[in-house]
Amino acid sequence: MEGGTLAGMSRADMLSLALSLGAASMSLYLLLAKPRSGEEREAEPAKRSDKKESQVERMNQVERLIMERGKHGTEDFRVHVLARGTSTEEPVAELSLWHDIPLVAEGELFNFICEIPKCTRKKFEVATKEGATPIKQDTKKGVLREFKKGDIFFNYGCFPRTWENPRLVHPDTGFPGDNDPLDVCEIGLRQIKTGDVRQVKVLGILAMIDDDETDWKVVAIDAEDRWAAELNDVDDCERLIPGTLDLIPGTL
C-alpha cells in the first residue's frame, strides 16, 4: 500500500480490506439488532398460517371468468382467466393460473388447474413463458399436438406454483425434471373445462420418463366426485374402480 490510498493497493490488499469491512459490518449488525423473543419466534409460523388461510379464503371469494382469444385449432388460440371480486366496484383483472392460484386449498385438498378435459385429445398446457401464463395448445416443429392414441379418459392438468426442476436428478428415476409444472391426472366422473380450477384429493403419484426427463403424474380425484369419500390411495382405486390407473400410462 502506498500512502494509504485505494489506487496504490494491490488486488490482495483490496480483497483483504473488503473482507474486513464485511466482517465489521456483520458484527455491528449483530450488536445492534434487536434479539427476537421466544414469543416473536413462536408467532412467525402462526402468521404464515394465517396468511395462507386468508389467501385461500380470498381466492374462494373471487369469481373466475374463462375467456377464449384467437381461433380454435390455431397457434394463436389462448384460454385466459379473468378474476372479479365479490364487489361490483372491483375491476376485472387477468389471473395467472400458475402464479396466482394457491397450491393448497381447504383442509388436505389441493387446487387443480384443468388443461385438457377428459374425452378430448388436444394437448393444451399452461404457457409458462407468456405473460399471465394463459393456456395454449402445445406445438412441436410448428404442428399443433394431440394425443396420438385418441381421447384421454381423465381430466389432465397441473398444480399451480409447482415446477419440476431440470437441474435436479431424482434418485428414484435417475433423470432430471422436465421444466414444467407438476402434472395431475384427475380420475373423477365429471368432465372439467379447460381453465377451470377444482379442489382435489391426492391419491398417489406415478413416475414416467419422457425424453430422458422425469415426468411426475399426480393421481387425484375431484373433492365433490361420487368416489371421493371412498378413495384415499391407489390401492382403493384398484379395488373399487379397477383398470382406471392403467389408462394413464397407456394414454400418455
**Prompt:** What number of residues in the stretch 70-103 are open to solvent by 30 Å² or more (accessible area, probe 1.4 Å), at pLDDT below 95 and part of a strand (DSSP E or B)?
**Reply:** 4
**Request:** Evaluate the following for residue 135: is it open to solvent by less than 20 Å² (accessible area, probe 1.4 Å), in contact (Cβ under 8 Å) with a residue 24 or more places away in the chain, closer than 26 Å to residue 106 by Cα and not acidic (Asp, Glu)?
**Result:** yes
**Test for residue 192: is it in contact with a strand residue (DSSP E or B) (Cβ under 7 Å, 6 or more places away or on another chain), open to solvent by less than 60 Å² (accessible area, probe 1.4 Å), touching a residue at least 12 places away in the same chain (Cβ under 8 Å) and under 14 Å from residue 114 (Cβ atoms)** = yes
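Only one residue in 149, 140 is under 22 Å from residue 182 (Cβ atoms) and not polar (S, T, N, Q). Which one?
Numbers: 149 fails: under 22 Å from residue 182 (Cβ atoms).
Result: 140 is the single residue among 149, 140 that is under 22 Å from residue 182 (Cβ atoms) and not polar (S, T, N, Q).
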**Prompt:** So, of the residues in the stretch 169-189 that are assigned to a strand (DSSP E or B) and without any contact (Cβ under 8 Å) to a residue 60 or more places away in the chain, which turns out to be most open to solvent (accessible area, probe 1.4 Å)?
**Reply:** 169
**Identity of the residue in the stretch 138-161, over 17 Å from residue 245 (Cα atoms), outside any loop (DSSP other than H, G, I, E, B) and touching a strand residue (DSSP E or B) at 6+ places or on another chain (Cβ under 6 Å), that ends up least open to solvent (accessible area, probe 1.4 Å)** = 158
**Message:** Just checking, does the stretch 210-221 include any residue being open to solvent by 40 Å² or more (accessible area, probe 1.4 Å), more than 29 Å from residue 179 (Cα to Cα) and either out of contact with any helix residue (DSSP H, G or I) (no Cβ under 7 Å at 6 or more places or on another chain) or of a type in the set (Asp, Glu) (or both)?
**Reply:** no
**Request:** Output yes when any residue across the stretch 116-134 is among the small types (Gly, Ala, Ser), at pLDDT 95 or above and closer than 17 Å to residue 223 by Cβ, and no when none is.
**Result:** no
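The values are calculated or read from the model by the stated rules, or taken from the named source; none is laboratory data. Because the structure is predicted, anything quoted here is derived from the model rather than measured. Here the Cβ is made from the backbone with ideal geometry for all residues, glycine too, and neighbour counts use every protein chain on show. All accessible areas refer to the heavy atoms of the entire protein, side chains included, with ligands and DNA or RNA removed. Shrake-Rupley method; radii C 1.70, N 1.55, O 1.52, S 1.80 Å.
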